[in-house]
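S.K.: What follows is a single structure, and I will ask about it in a moment.
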Amino acid sequence: MPDLTMLPAWQALKKHHAQWGGIKIRELFNDNPQRFEQFSLQLDDLLFDFSKNRLTDQTIKLLTDLADQAELRKQIDALFNGEKVNPTEGRAALHTALRNRSDRPVLLEGQDLMPQINRVLQQMETFANQVRNGSWRGYTGQLITDVVNIGIGGSDLGPLMVTEALKPYTRDKLRSHFVSNVDASQLCETLKQLNPETCLFLIASKTFSTQETLTNAHSARDWFLAHAKEQKHVARHFVAMSTNRKRVSDFGIDPANMFEFWEWVGGRYSLWSAIGLAIVLAIGMDNFKKLLAGAHLVDEHFRTAPWHKNIPVLMGLIGLWNTDFWGAESQAILPYDHYLHRFPAYLQQADMESNGKRVTVQGQQVDYPTGPVVWGEPGTNGQHAFYQLIHQGTRLIPCDFLAAVNSHNPLGEHQNILLANFLAQSEALMKGKTAAEARQEMAADGVPDAELERLLPHKVFPGNRPSNTFLYRRLDPQTLGMLIALYEHKIFVQASLWQINPFDQWGVELGKQLAQKILPALTTKAPHTTHDNSTAGLIAKIHDWRE
Ligand code: G6Q
């Protein structure tokens, strides 16, 4: 593939950017009363408004040309057709097959994956129904009241985020807990609330070799057996979701209690697979299927819509425009929807682990910025914390605002106040406040002239800060499925253009190896020579201070 920056559309975008000449988004709105209609799209019950960005018709034309010249269509086809889009691990990435709600077969090396996907979905449904209707009980015959998902990274963040987001669809009598950190405090604080006779542990690990997860799983099993005594009781209280049958059985979980998935499901793309069991237990299979249906709807849209009407393609292109041409280094995710409070953390992994790469698929160092730092918090909380920097700091931080029109908890004026803040922030970021406006405002408040001049620079807001807005009817399973899939595909679009592999994660593997190497130096006082001076000094201090 030709170098991205040599493509004619890239060169044209460079020129377009150079000729931008300080035009402000606010002026673009003044010049075009139809700007919202022109730069917003609706898909089912979700509206995507991208009008508050530094872009014109011409920008969209050049960005979509770039998509053509970078052969995005070919890459999307390769993704959906099960080609090895993850060449460093020699794997396909077929998370779209997991939510394929059509009758179409999905082939991997000539074999239709749908029968095995549907078999595991059926197994999940049968099991979840048993737990939820009380026919699956603990070893003393009591109902299961608490489900504990033990997993980390992709085996934690997805199920955790979705379970939180869809809390209105859960039942009080079956509580969900998530333990990920190897810091025993998380496990111990969770276990404190539980009765071994009424809890069910889901050990979620694609490889079943992740140190944190196995350490937590062993400690949970010890805690359980300290009470239940007999090994045979483990079968009623521990199940596994994994690709590794042998390791699951070595751990002592009956393979009959294993929910399988496959190597072509990437960890951070796995909530749609057996890794979603915690979700199914929490919201039931009917709702889980609606989540899958929402994602499938977006998959179809992504596969078929022309670029200028394709929401994830536009999200990806606008992000690239902000990152590579306007120098934005981060991307804020700001849900004005408290149920989405883990959505920024979830997307942080999805995006940063996927596009945090500096070499192309061919192994060449890139000469343009790739994936942004992704971060965020729910509004309105963030307004009272970090928005100051977004409004008046020196950095350009594109923001994604998300909100539901209808709350699951209608209460007095709360939703109107929430939505007023949601709308006010993106408007203020875009419009800013000129010196003339600030002066007029202070004069109207009777601020004396000298004081007014002193305060003026502090009261000016440059504005022109880009943002996208997602507005949806209500945060239901289908809408959530849509939102997640939109971001997954946005990440893929950017990776395709940047020519990087979004499906490997050698940085994560490095962390796994390093900790294994250091552990012996902490568990014995034997002299070690392999560490740098700082690490060796810290190890010595740990031995010194250990109680
Ligand atoms: C995700 C990453 C990583 C992974 C965890 C857990 O894409 O690969 O976050 O999910 O390291 O791995 P296991 O599921 O194998 O325990």
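The values are calculated or read from the model by the stated rules, or taken from the named source; none is laboratory data. All values reported here derive from a predicted model rather than from experimental measurement. Here Cβ is always computed from backbone atoms with ideal geometry, including for glycine, and neighbour counts include all displayed protein chains. In case anyone asks, the SASA skips ligands and DNA or RNA and just uses the protein heavy atoms, side chains included. Shrake-Rupley method; radii C 1.70, N 1.55, O 1.52, S 1.80 Å.
S.K.: Quick test for you: out of 182, 148, pick the one residue that is within 16 Å of the ligand (Cβ to nearest atom), in a loop (DSSP other than H, G, I, E, B) and farther than 20 Å from residue 477 by Cβ.
M.R.: Testing whether each residue is within 16 Å of the ligand (Cβ to nearest atom), in a loop (DSSP other than H, G, I, E, B) and farther than 20 Å from residue 477 by Cβ leaves just 182.
So that you can scan it fast, the table gives a plain yes or no per residue for (1) at pLDDT below 95; (2) within 16 Å of the ligand (Cβ to nearest atom); (3) over 30 Å from residue 313 (Cα atoms):
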site: 72; (1), (2), (3): no, no, no
site: 81; (1), (2), (3): no, no, no
site: 93; (1), (2), (3): no, yes, no
site: 100; (1), (2), (3): no, no, no
site: 126; (1), (2), (3): no, no, yes
site: 155; (1), (2), (3): no, yes, no
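S.K.: Just one of the numbered conditions (1) among the polar types (S, T, N, Q); (2) in a loop (DSSP other than H, G, I, E, B); (3) at pLDDT 95 or above is not true of residue 530; which one?
M.R.: The number of the failed condition is (3).
S.K.: Right, another one. Of everything in segment 64-102, what is part of a helix (DSSP H, G or I) and either surrounded by fewer than 16 Cβ atoms within 10 Å (Cβ to Cβ) or in contact with a His (Cβ under 6 Å, 6 or more places away or on another chain) (or both)? Give them in sequence order.
M.R.: Selection gives 64, 68, 73, 74, 77.
S.K.: Could you identify the single residue in 145, 170, 126 that is within 17 Å of residue 288 (Cα to Cα), out of contact with any helix residue (DSSP H, G or I) (no Cβ under 6 Å at 6 or more places or on another chain) and surrounded by fewer than 19 Cβ atoms within 10 Å (Cβ to Cβ)?
M.R.: Of 145, 170, 126, the one residue that is within 17 Å of residue 288 (Cα to Cα), out of contact with any helix residue (DSSP H, G or I) (no Cβ under 6 Å at 6 or more places or on another chain) and surrounded by fewer than 19 Cβ atoms within 10 Å (Cβ to Cβ) is 126.
S.K.: Given (1) part of a helix (DSSP H, G or I); (2) farther than 24 Å from residue 421 by Cα, where does residue 500 come up short, assuming only one miss?
M.R.: It fails just one condition, (1).
S.K.: Report whether or not residue 368 is surrounded by 14 or more Cβ atoms within 10 Å (Cβ to Cβ) and in contact with an Asp or Glu (Cβ under 6 Å, 6 or more places away or on another chain).
M.R.: Yes, satisfied.
S.K.: If residue 351 satisfies every condition in (1) closer than 22 Å to residue 63 by Cβ; (2) over 20 Å from the mean Cα position of the chain (by Cα); (3) open to solvent by less than 70 Å² (accessible area, probe 1.4 Å) but one, which is the exception?
M.R.: (2)
Conditions tested, residue by residue: (1) surrounded by fewer than 22 Cβ atoms within 10 Å (Cβ to Cβ); (2) touching a residue at least 24 places away in the same chain (Cβ under 8 Å).
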{"site": "193", "(1), (2)": "yes, yes"}
{"site": "201", "(1), (2)": "no, yes"}
{"site": "216", "(1), (2)": "no, yes"}
{"site": "225", "(1), (2)": "yes, no"}
{"site": "244", "(1), (2)": "yes, yes"}
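S.K.: Restricting to segment 453-484, and then to whatever is part of a helix (DSSP H, G or I) and more than 18 Å from residue 337 (Cα to Cα), can you tell me which residue is least open to solvent (accessible area, probe 1.4 Å)?
M.R.: 456
S.K.: When residues of segment 371-392 are filtered for being under 17 Å from the mean Cα position of the chain (by Cα) and open to solvent by 50 Å² or more (accessible area, probe 1.4 Å), how many remain?
M.R.: 3
S.K.: Within the set of pairs 6 or more residues apart or between chains, which connect a residue that is in a loop (DSSP other than H, G, I, E, B) inside segment 260-282 to a residue that is of a type in the set (Gly, Ala, Ser) and within 13 Å of the ligand (Cβ to nearest atom) with Cβ atoms less than 6 Å apart?
M.R.: These pairs meet every condition: 261/273; 261/274; 265/273; 266/93; 270/154; 271/158.
S.K.: Quick check on segment 229-236. Is at least one of its residues touching a helix residue (DSSP H, G or I) at 6+ places or on another chain (Cβ under 8 Å), in contact (Cβ under 8 Å) with a residue 12 or more places away in the chain, surrounded by fewer than 20 Cβ atoms within 10 Å (Cβ to Cβ) and polar (S, T, N, Q)?
M.R.: yes
S.K.: If you scan segment 1-47, which residues turn out to be under 21 Å from residue 313 (Cβ atoms), outside any helix (DSSP H, G or I), open to solvent by less than 30 Å² (accessible area, probe 1.4 Å) and out of contact with any Phe, Trp or Tyr (no Cβ under 6 Å at 6 or more places or on another chain)?
M.R.: If the condition is that a residue be under 21 Å from residue 313 (Cβ atoms), outside any helix (DSSP H, G or I), open to solvent by less than 30 Å² (accessible area, probe 1.4 Å) and out of contact with any Phe, Trp or Tyr (no Cβ under 6 Å at 6 or more places or on another chain), then 7, 40, 43 are the ones that fit.
S.K.: Let me ask something else about it. So which of 439, 395 is in contact (Cβ under 8 Å) with a residue 24 or more places away in the chain and either open to solvent by 70 Å² or more (accessible area, probe 1.4 Å) or of a type in the set (Ser, Thr, Tyr) (or both)?
M.R.: Exactly one of 439, 395 is in contact (Cβ under 8 Å) with a residue 24 or more places away in the chain and either open to solvent by 70 Å² or more (accessible area, probe 1.4 Å) or of a type in the set (Ser, Thr, Tyr) (or both), namely 395.
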